[in-house]
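Structure first, then comments.
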Amino acid sequence: MIGLAPAEQTAYELLIERPSATLADLDAAWSRPEPLAEVLAGLEERSLISREAGPPVRFQAASPAAAFGALFADYEEQLERARRHVAVLDAAYQAQPAVSDSASMVEVITGPRAVRQRWLQIERSARQHISCLAKPPYLSTAGGLAVGVLDSTNPREPDRDAVRRDLTWRTIYDRSAIKHPGSLAAVERSIQAGQLARVLPDLPISLWLADAKVAFLPLQRHTAAQDAIIVVHPSALLDALVSLFEGLWQRALPLHRPAPGQAEPDDTGRLGDDGDRLITLLLSGLTDEAIARQLGLSHRTVQRRVAALMANLGAHSRFQAGVRAALQQAPRWSAE
């Protein structure tokens, strides 16, 4: 942005740290392959540094505010011209009679490339939060689990760089998102990356919301091909989608990232520190086989531990055991 090559920036910063330095002083700290004398000559030609007659000759950096102030002013002027031009284009767009109110409220985007580009625009425009209902078909174009989307057939490490730290990320996972081997661990890694995650047995749709100002959902419900999506702008429909997410968030069960060194429930049914995972899996309606895959245990061991937990809590069903155990954990969960 400031128009300096990497070598020029390094040399300029060296002179900021070492005012009135000689060539030998700078060369001692120079680690780049470019010839230092040539780099300094280029900076001097652009009036970013000056030299004092010697011997020995000394170099001094110009004030950064003075050196780059004019450049920044030029950038700001260009940006302002661009904003005015966009405002003119938007006014012309809004004035077109062919663009009806309904057309401006709902967009249909087709083609994988266009879908990806539109999602990235929406994610980058968000300023407060991203909210997601993660249900098949899963969209995996923008950071995987980090944005609340899981390819249930191929769980992957979340792209932590995709989680903008200035945003709150909330995801409600469908039960199918955590029943495949390794998927719960992948979700927990996304939680470690900054995501707030919950789970429900059966979500009605896949949905993404940015700042409650725009919604993004697949056009086709029963397809793995993400080549068509709907974008919903402020309208009664968007309000309904926001209310749907908030209502489901209140009902959903929190997912947790186990702390290091947590223990699993023992065979007597007493919940150890890792009991949250068993509670989550029970309330999600997973079978013993699916729970065994997630916890890395044998089917027989899971059956024994679930039976012991039911007996310890006086529960008559697996779901009831999960509910009663969750109620015991409610004060800590409500804090999240």
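Scanning segment 1-37 for residues that are over 43 Å from the mean Cα position of the chain (by Cα) and open to solvent by 40 Å² or more (accessible area, probe 1.4 Å) turns up L23, A24, D25, A37. For segment 267-298, the tally of residues that are closer than 26 Å to D174 by Cβ and at pLDDT 80 or above stands at 0.
Among the residues of segment 171-185, those that are crowded, with 19+ Cβ neighbours inside 10 Å and either modelled with pLDDT of 75 or more or within 20 Å of L207 (Cβ to Cβ) (or both) comprise T171, I172, Y173, D174, S176, A177, I178, S183. Note on segment 118-141: residues that are modelled with pLDDT of 80 or more and open to solvent by less than 90 Å² (accessible area, probe 1.4 Å) total 14.
Condition check ((1) charged (D, E, K, R); (2) over 30 Å from V231 (Cα atoms); (3) modelled with pLDDT of 90 or more) across all residues:
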residue: E8; (1), (2), (3): yes, yes, yes
residue: A41; (1), (2), (3): no, yes, yes
residue: A53; (1), (2), (3): no, yes, no
residue: A65; (1), (2), (3): no, yes, no
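Looking at segment 1-114, the helices (runs of 4 or more DSSP H) lying wholly inside it that each contain 3 or more residues that are within 30 Å of V232 (Cβ to Cβ) and out of contact with any Pro (no Cβ under 8 Å at 6 or more places or on another chain) sit at 64-95, 101-105.
Go through segment 12-43 and report how many residues are in contact (Cβ under 8 Å) with a residue 40 or more places away in the chain and among the aliphatic types (A, V, I, L, M).
Of the residues in that region, 2 qualify.
For segment 39-55, taking the residues that are loosely packed, with under 11 Cβ neighbours inside 10 Å and of a type outside the set (A, V, I, L, M, F, W, C), the one that is nearest to Y75 (Cα to Cα) is identified as S47. Residues that are closer than 22 Å to G296 by Cβ and in contact with a strand residue (DSSP E or B) (Cβ under 6 Å, 6 or more places away or on another chain) were ranked within segment 188-211; the one that is most open to solvent (accessible area, probe 1.4 Å) is I191. Among the conditions (1) of a type outside the set (F, W, Y); (2) over 30 Å from I230 (Cβ atoms); (3) out of contact with any helix residue (DSSP H, G or I) (no Cβ under 6 Å at 6 or more places or on another chain); (4) surrounded by 11 or more Cβ atoms within 10 Å (Cβ to Cβ), E76 misses just one, which is (4).
Screening the candidates R160, R113, R164 for the property of being more than 19 Å from L281 (Cβ to Cβ), modelled with pLDDT of 65 or more, charged (D, E, K, R) and open to solvent by 10 Å² or more (accessible area, probe 1.4 Å) yields one hit, R113. Does H222 count as open to solvent by less than 30 Å² (accessible area, probe 1.4 Å) and either modelled with pLDDT under 85 or assigned to a helix (DSSP H, G or I) (or both)? In short, no.
The values are calculated or read from the model by the stated rules, or taken from the named source; none is laboratory data. Model, not experiment: these values are computed from the prediction. We place every Cβ from the backbone using ideal geometry, glycine too, and count neighbours over all the protein chains shown. For accessibility, only protein heavy atoms count, side chains too; no ligands or nucleic acids. Shrake-Rupley method; radii C 1.70, N 1.55, O 1.52, S 1.80 Å.
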